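Notes to accompany the following structure.
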Amino acid sequence: MSHYHAVVWVDHREAHVISFNPDEAESVLVHAKGGHRQVHHRHGSVSGGRAGEDPEFFKRIVEAVRESQEILVTGPAAAKMHLYAWWQKHDPAGAHKVVGIESADHPSDGQLLKHARAYFDAKDRMRPQT
């Protein structure tokens, strides 16, 4: 079932994806390959660059919200920005559906859904009425 709005809470281990409308919601939990995946500096790297993210993890997240038209991305630290940067590079049309990126610690799915509904209600009130 597809819903107009979706919210993604992501860290480097998992993503909670909830697509919803005013009356119902559908959630999916997406795990990174190998469980916890923390990004570290490469040992012996002249540039001190960081190890890459798991592209399969990001692909599964993007696929989970493919049918949604407006997406809010949340999460702690930099994981949400890594997802968004990957999304812009590999699926610009889908990344264009991201209407907000916010920091959020570790909410329950119920708290996440409540926040996302309030976010989109406020956003919709800001649109011009024709």
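The values are calculated or read from the model by the stated rules, or taken from the named source; none is laboratory data. Everything numeric here is computed off the predicted structure, so don't read it as measured data. Note: ideal-geometry Cβ built from the backbone for every residue, glycine included; neighbour counts use all protein chains shown.
Output the residues belonging to the stretch 69-89 that are out of contact with any helix residue (DSSP H, G or I) (no Cβ under 7 Å at 6 or more places or on another chain) and part of a helix (DSSP H, G or I).
Ala79, Lys80, Met81, His82, Ala85, Lys89
Check Ile61 against each of (1) of a type in the set (A, V, I, L, M); (2) in a strand (DSSP E or B); (3) closer than 19 Å to Ala25 by Cβ and name the one condition it does not meet.
(2)
With the structure loaded, tell me whether Arg66 is farther than 13 Å from Ala15 by Cα, assigned to a loop (DSSP other than H, G, I, E, B) and modelled with pLDDT of 95 or more or whether it fails that test.
Considered against the rule, which asks whether it is farther than 13 Å from Ala15 by Cα, assigned to a loop (DSSP other than H, G, I, E, B) and modelled with pLDDT of 95 or more, Arg66 comes out as yes.
Is it the case, given these coordinates, that Ile101 is surrounded by fewer than 16 Cβ atoms within 10 Å (Cβ to Cβ), at pLDDT 95 or above and in contact with a helix residue (DSSP H, G or I) (Cβ under 8 Å, 6 or more places away or on another chain)?
yes
Restricting attention to the stretch 112-126, and to residues there that are charged (D, E, K, R) and over 10 Å from Gly100 (Cβ atoms), which single residue is surrounded by the fewest Cβ atoms within 10 Å (Cβ to Cβ)?
Ranking the qualifying residues of the stretch 112-126, first place goes to Arg125.
Scan the stretch 90-112 for residues that are in contact (Cβ under 8 Å) with a residue 12 or more places away in the chain, within 13 Å of the chain's Cα centre (by Cα) and part of a helix (DSSP H, G or I) and jot them down.
Those that are in contact (Cβ under 8 Å) with a residue 12 or more places away in the chain, within 13 Å of the chain's Cα centre (by Cα) and part of a helix (DSSP H, G or I): Gly94, Leu112.
Quick one: how many residues across the stretch 67-89 are crowded, with 19+ Cβ neighbours inside 10 Å, among the polar types (S, T, N, Q) and either over 18 Å from Ser27 (Cβ atoms) or more than 10 Å from the chain's Cα centre (by Cα) (or both)?
1
If Glu63 meets every condition in (1) farther than 25 Å from Asn21 by Cβ; (2) under 13 Å from the mean Cα position of the chain (by Cα) apart from one, which number is that one?
The single condition Glu63 does not satisfy is (1).
Would you check if Ala77 is free of Cβ contacts under 8 Å to residues at least 12 places away in the same chain and out of contact with any His (no Cβ under 6 Å at 6 or more places or on another chain)?
no
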